[in-house]
1. Could you please find all residues in the stretch B:34-45 being more than 11 Å from chain A (Cβ to nearest Cβ) and touching a residue at least 12 places away in the same chain (Cβ under 8 Å)?
2. Does B:ASN26 count as at pLDDT 80 or above, surrounded by fewer than 23 Cβ atoms within 10 Å (Cβ to Cβ) and either farther than 22 Å from A:GLY164 by Cα or among the acidic types (Asp, Glu) (or both)?
3. With (1) of a type outside the set (A, V, I, L, M); (2) at pLDDT 85 or above; (3) in contact with an Asp or Glu (Cβ under 8 Å, 6 or more places away or on another chain) as the list, and B:THR192 as the residue in question, which single condition is left unmet?
4. Go through (1) touching a strand residue (DSSP E or B) at 6+ places or on another chain (Cβ under 8 Å); (2) within 28 Å of A:TYR106 (Cα to Cα); (3) not in a loop (DSSP other than H, G, I, E, B) and name the single condition B:SER91 misses.
5. State all residues of the stretch A:153-188 that are surrounded by 15 or more Cβ atoms within 10 Å (Cβ to Cβ), acidic (Asp, Glu) and over 24 Å from B:ILE10 (Cα atoms); if no residue qualifies, say none.
6. Restricting to the stretch B:46-74, give me the number of residues that are under 13 Å from B:LEU100 (Cβ atoms) and more than 9 Å from chain A (Cβ to nearest Cβ).
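The values are calculated or read from the model by the stated rules, or taken from the named source; none is laboratory data. Since this is a predicted model, take the numbers as computed values, not measurements. Cβ: placed from backbone, ideal geometry, glycine included. Neighbour counts: every protein chain shown.
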Amino acid sequence: MKGYAQRPGYDYVETFSPVVHMETVRAILALTVKNGYKIQQMDIKGAYLNGILKEKVYMKQPEGYDDNTGQVCELVKTIYGLKQSGREWNHKLDTTLKNLGYTRLYSDPCAYTRHDGENISIITVWVDDLLLFASSDDLMQKMKEEIKASWEVTDMGEPKKIIGIEIDHTGNTVTISQQRYIESILECENLTDCNHVSTPMDPKVKILPNPEGNEGSRSNYFTQLLGELQFLANAT
Amino acid sequence: MEHVTALKRILRYLKGTKSYGIKYSNSHGNNDDLFHGFFHGFADAAYANTDDYKSTAGYVFIAAGGAITWRSKKQTFTALSTTEAEYVALSEAAREAYWLRNLYEELGIKQESPTTIKGDNNGSISMARNPQFHNRAKHIAVRYHRVRDAINDGIIKIDSCRDPEQTADVLTKALHCFKHRKHIAEMGMKSTLEGT
């Protein structure tokens with residue numbers, strides 16, 4: 001089975017993109033500096049291989065492991081490339097976190113909290129990339145151990161980068177920036193050595209409507225990238 | 001000026017500000033106490049400033065000295081007055097305030113007092129505060145009047161500010177260098193190269 005050949009309603013029923021909103025992350029970061037929370041990052045190894053498939057999906061025998069009988073494999077667990085993998089992985093993650101006593105937020109289904117008296121632990125989910133927030137070091141240690149007991153994880157320690165955003169937690173400040181992302185765009189456009197300007201747009205200049213309408217791939221590429229930038233952090 | 005040229009200019013702007021980031025800090029002087037809440041917002045609109053005379057609305061919410069959510073969007077309808085454009089901008093900001101208050105409540109920080117949103121247009125502010133019939137507002141879609149419920153229910157409080165204090169101004173139109181820098185600094189945008 002190839003992901004692009006899967007038919008909706010037949011080979012898969014629902015897809016879901018298990019990513020936390022950047023707004024939520026920023027709101028939590030503001031809370032973090034106000035209340036002195038600890039932050040740690042963890043990456044779950046082979047996350048998509050953990051989901052259990054509901055639908056029957058078959059695949060050709062993988063190259064190099066083909067026994068030449070012409071038989072096909074029936075998939076039991078999700079693999080990378082299947083449309084439902086994201087959803088099934090998230091379902092598995094959701095169940096596990098709920099068993100650990102976490103509550104999924106209504107405001108953002110990819111954020112979880114657990115209150116224990118005055119203490120609070122928060123987890124945000126970006127597919128298999130978890131950010132952990134805790135009100136004390138002991139609590140953070142406990143959170144990490146519980147997660148390590150459930151999956152094989154890479155402990156990234158203090159987060160340096162989340163989804164292309166550089167993050168710096170020093171003392172009681174957190175700064176998020178996207179220098180490397182901007183540099184890579186400038187490199188693509190050969191503008192690394194250009195002179196910079198102080199504002200994004202000249203107030204006196206009127207932008208003319210594009211006479212050819214939407215210019216196709218080039219302009220779309222740009223608007224997409226810049227829109228992303230603005231959405232994330234830096235283009236204000 | 002063509003769109004591509006304008007985009008190139010944005011890239012040249014980014015080149016100069018690539019080391020800038022949003023800084024959240026617990027230090028005093030970021031005015032949170034003045035606003036009686038964990039976060040506060042600004043809503044603004046620039047009237048009929050696009051090719052087809054639609055307006056551009058923007059809002060920003062700030063917590064711990066840095067912007068946490070913001071939006072800059074061309075309005076989907078043609079506003080008949082500055083008041084209408086600003087009234088709708090207030091309404092959109094009110095919706096965001098609902099979400100942020102819900103989020104913080106779930107995170108254990110319940111907001112007891114209304115969230116302050118600042119606007120700089122007196123017509124729209126009084127329209128939101130006084131639920132009487134305004135002849136010039138009879139055409140405004142019902143959903144935008146939700147802002148009045150938000151005020152009555154103690155979700156938000158709308159204060160007026162003067163134009164220079166309107167941080168969201170920068171999200172609605174191109175500004176001159178001085179104002180631009182002032183407003184982005186108010187959103188917590190600082191160069192990561194500078195010392196603290």
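1. Taking the stretch B:34-45 as the starting set, the residues that turn out to be more than 11 Å from chain A (Cβ to nearest Cβ) are B:34-37, B:40-45.
B:PHE35, B:HIS36, B:GLY37, B:HIS40, B:GLY41, B:PHE42, B:ALA43, B:ASP44, B:ALA45 - these are the residues of the stretch B:34-45 that are more than 11 Å from chain A (Cβ to nearest Cβ) and touching a residue at least 12 places away in the same chain (Cβ under 8 Å).
2. Numbers: at pLDDT 80 or above: yes; surrounded by fewer than 23 Cβ atoms within 10 Å (Cβ to Cβ): yes; either farther than 22 Å from A:GLY164 by Cα or among the acidic types (Asp, Glu) (or both): yes.
Yes: the conditions hold for B:ASN26.
3. Here B:THR192 meets the rest and fails (2).
4. (1)
5. Correct list: A:ASP168 only.
6. 2
Let's see how each residue does on (1) within 25 Å of A:VAL174 (Cβ to Cβ); (2) within 15 Å of the chain's Cα centre (by Cα); (3) touching a residue at least 40 places away in the same chain (Cβ under 8 Å):
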| site | (1), (2), (3) |
| --- | --- |
| B:SER72 | yes, yes, yes |
| B:GLN75 | no, yes, no |
| B:GLU96 | yes, yes, yes |
| B:ILE109 | yes, no, yes |
| B:ILE117 | yes, yes, yes |
| B:ASP120 | no, yes, yes |
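Let's see how each residue does on (1) without any contact (Cβ under 8 Å) to a residue 12 or more places away in the chain; (2) closer than 25 Å to A:VAL197 by Cβ; (3) within 8 Å of chain A (Cβ to nearest Cβ); (4) aromatic (Phe, Trp, Tyr):
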position	(1), (2), (3), (4)
B:ARG146	no, no, no, no
B:ALA150	no, no, no, no
B:GLY154	no, no, no, no
B:ASP159	no, no, no, no
B:PRO164	no, yes, no, no
B:VAL170	no, yes, yes, no
B:CYS177	yes, yes, yes, no
B:LYS190	no, yes, yes, no
